[in-house]
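> First the structure, which I've put down as structure tokens, then a few questions once you've had a look.
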Amino acid sequence: MTSYKELGLVNTKEMFKKAVAGGYAIPAFNFNTLEQMQAIVQAAVETKSPVIMQVSKGARNYANGTILRYMAQGAVEYAKELGCENPQIVLHLDHGDSFELCKDCIDNGFSSVMFDGSALPYEDNIRITKQVVEYAHAHDVTVEAELGVLAGVEDEVQAEESHYTKPEEVIDFATRSGCDSLAISIGTSHGAYKFTPEQCTRDPKTGKLVPPPLAFDILHEIEKKLPGFPIVLHGSSSVPQDEVDTINAHGGKLPDAVGIPEEQLREASKSAVCKINIDSDSRLAMTAAIRKHFDEKPGDFDPRQYLKPARENMKKMYIHKIVEVLGSDNKL
Ligand code: G3H
Ligand code: 13P
Ligand code: ZN
């Protein structure tokens, strides 16, 4: 058993309380590689932001769970080395799909876990979330649950049909499950293709797709039912058009990729939404830099030559999110 406290990590409790009261959101960035981890830590330290580093089941399969855990421990030490005296870093399991997986993470240094029972029948979702909460709270680990189904790919769960969170269920769900935060469905979705062209309108000036707005009415109803309760948004990448254009200009093929407009995420950050999940934008920033590099310097073959600009581009994106969208800068 390794407690996250030995690793210098923190859980989400105080962080979320301050974020809800302060009208900002904590960035939750997924990581699978060394370069992502370095870029996340550099961005968080330079902006003096708390940060959640999250690991999906897919990331564990790709990089090995033990290695990722040591990387998070390394992230704390790296932040200190970069001059941050009191780094506020959470190591979070993203979309945990069983009690056993959540327990394994808690036993191995994670400070926060998500049990995603959103695809399960309501009572099963409550029952397993509660089981995770009981184990997690005994170790001072915080638990995120999910109610409502996002469109797109939920890690191992492929959701064909999305449905918004029902505000009339949230009090019962949060009370009976005992979760510390709740991921809700109000129109965000995972990946770089969040909406079909049919769901969007086209900007007559630019010809670009304009996605339908998020269901802020549902968010506000949920806030009224659970005043001050920490709310989480998944699937919140903006799919920056300049990165998509760079990818497509250098041999990529991402037609009609579309994300959540940043103004809407900025608005959400001021509400009870206190954790915003971003993964796809990091993938796009990395891929855009690497494609451009290879196009311009076809003779390069040392991975450091193309991973360095990739890391810089991700760092720029992370800083932009922290300062311009979520407002979590200068909060340490
Ligand atoms: O919500 C899903 C995250 O973007 C993680 O994706 O399962 O491909 O690692 P992944
Ligand atoms: P994006 O695919 O929009 O980056 O969402 C990531 C996410 O929700 C991770 O849990
Ligand atoms: Zn997610």
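> In nm, to one decimal, how far is the modelled label at M1 from the one at K166, with both set 7 Å along Cα→Cβ?
Between M1 and K166, the label points sit 3.9 nm apart.
> Oh, and also: Once amide H atoms are placed 1.01 Å from N in the peptide plane, what residues at a sequence separation of 5 or more from F31, or on another chain, have their amide H within under 5 Å of its amide H?
Long-range HN contacts for F31: Q54, S56.
> A further question follows. Whole-Hz Karplus ³J(HN,Hα) for the stretch 315-322, in order, using 6.51 cos²θ - 1.76 cosθ + 1.60 and θ = phi - 60°, x for Gly and Pro?
Once θ is set to phi - 60°, the couplings for the stretch 315-322 become 4, 4, 5, 4, 4, 4, 4, 4 Hz.
> Per residue of the stretch 194-202, what does 6.51 cos²θ - 1.76 cosθ + 1.60 with θ = phi - 60° give for ³J(HN,Hα)? Whole Hz please, x for Gly and Pro, Karplus curve as stated.
7, 9, 7, x, 5, 7, 9, 10, 10
> Given R₀ = 30 Å, what would the calculated FRET efficiency be for D104 paired with L82, taking r from the Cβ atoms and rounding to 0.05?
0.50
> Something else: Can you give me the Kirkwood hydrodynamic radius for the chain, using every pair of distinct Cα atoms, in Å to one decimal?
20.0
> Okay, moving on. To the nearest µm²/s, what D does Stokes-Einstein give for the stretch 29-100 at 10 °C and 1.306 mPa s, using the Kirkwood radius over alpha carbon pairs as Rh?
129
> List every residue whose amide H lies under 5 Å from the amide H of A183, counting only residues 5 or more places away in sequence or on a different chain, with H placed 1.01 Å from N in the peptide plane.
Amide H to amide H, under 5 Å and 5 or more residues apart or across chains, A183 pairs with A145, E146, L147, V232.
> Which semi-axis lengths, in whole Å and largest first, follow from the square roots of five times the eigenvalues of the Cα gyration tensor of the stretch 173-213?
Over the Cα atoms of the stretch 173-213, the semi-axes work out to 34, 9, 8 Å.
> For D256 and K48, compute 0.36 nm times the residue count separating them, minus their Cα-Cα distance, and round to one decimal in nm.
71.4 nm is the gain from fully extending D256 to K48.
> So, one more: Taking every alpha carbon pair in the stretch 176-281, what does the distance histogram look like in 10 angstrom bins from 0, in percent?
Result returned by the calculation: 14, 43, 28, 12, 3, 0.
> Suppose only helical runs count, i.e. DSSP H with n ≥ 4. What mean residue ellipticity at 222 nm does that imply for the chain under -39500 (n - 2.57) per run, divided by all residues and rounded to the nearest 500 deg cm²/dmol?
Dividing the helical sum by the residues of the chain leaves -14000 deg cm²/dmol.
> In whole angstrom, how long is each semi-axis of the equivalent ellipsoid of the stretch 47-190, when you take the square root of 5 times every eigenvalue of its Cα gyration tensor and sort them from largest down?
27, 16, 15
Read the figures in this text as sums done on the coordinates, not as results from a lab. Since the model is a prediction, treat every value here as computed from it, not as a measurement. Cβ sites come from the backbone with ideal geometry, for glycine too, and all protein chains shown count toward neighbours.
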